[in-house]
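These notes concern the structure reproduced below.
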Amino acid sequence: MSPSLLRRLHRWIGLACAVTVLAASGSGILHVVMTWTQSPPPRPQPAGAINAAAVRLAPSEAVERLGAPDLSVQALSLRTIGGEPWYQVLAAGSPVPRYINALDGREDAAADQRYALEIASRQLGGAPARWTRRLDAFDQEYISIFRLLPVHRIDVDDGQGTRLYVSTQTGSVARLTSDSRQFEADVFSLVHKYAFIRHKGWRDGLLVTFTALAFLASLAGIALFVATRRR
């Protein structure tokens with residue numbers, strides 16, 4: 001291949017992917033800056049202590065209280081909610097746990113929300129918070145890299161838009177963010193990961209295409225250097 005053709009290829013391919021290279025490199029710098037401006041993910045806080053002596057209901061009795069003899073139990077845990085021991089029962093086919101009081105055997109459909117609020121309050125050092133909604137699928141803010149579902153969104157009225165995403169199954173905070181943190185994360189997602197393209201196939205295809213063009217531009221530049229090095 002002649003040097004003149006290599007120059008033309010290098011020039012036009014480089015021009016085609018220059019904008020995406022600038023976007024990728026600029027957002028890459030932003031990603032590093034975010035590690036300076038944003039605190040690391042919250043460490044899990046110790047769960048509430050369980051008073052085993054207060055438990056009056058056996059696990060088998062708790063499952064019977066759910067009223068489904070053929071219920072397939074995948075996980076059964078003992079949690080402290082509101083100072084009382086509760087059985088958290090995760091059944092096959094339902095992502096949301098059910099709760100049976102280990103003292104008197106009553107079921108409480110709102111216990112999952114109350115438990116999420118307690119987890120968030122513990123993480124915040126006792127600061128008041130309010131339950132907003134439960135997420136059963138990922139969205140633009142709570143994206144798939146956080147992995148855990150379902151989660152509860154808990155908001156804090158602190159003037160900074162602080163919110164937490166809490167998993168009651170793990171008893172931990174999956175994500176803590178705020179308005180300023182999310183602004184940086186949104187800019188990074190839009191510029192670096194093309195989040196403005198909703199269709200995953202198109203988004204991945206464009207990312208691969210422009211990355212391949214940048215690779216070809218670099219390869220053409222190396223080939224041009226080798227072809228003209230003696231000159």
| remark: Every listed condition ((1) of a type outside the set (A, V, I, L, M, F, W, C); (2) out of contact with any Pro (no Cβ under 9 Å at 6 or more places or on another chain); (3) not in a helix (DSSP H, G or I)) holds for ASP186 save (3)
| remark: Taking the stretch 144-177 and the residues there that are farther than 22 Å from PRO97 by Cα and within 10 Å of the chain's Cα centre (by Cα), the one that is surrounded by the fewest Cβ atoms within 10 Å (Cβ to Cβ) would be ILE145
| Set ALA120, ALA137: member being under 27 Å from ALA195 (Cβ atoms) and assigned to a loop (DSSP other than H, G, I, E, B) | ALA137
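All of the numbers you see were taken from the coordinates with simple rules; none came from a lab. Source: prediction; values computed, not measured. Using ideal geometry, Cβ is built from the backbone for each residue, glycine included, and neighbour counts are taken over all protein chains shown.
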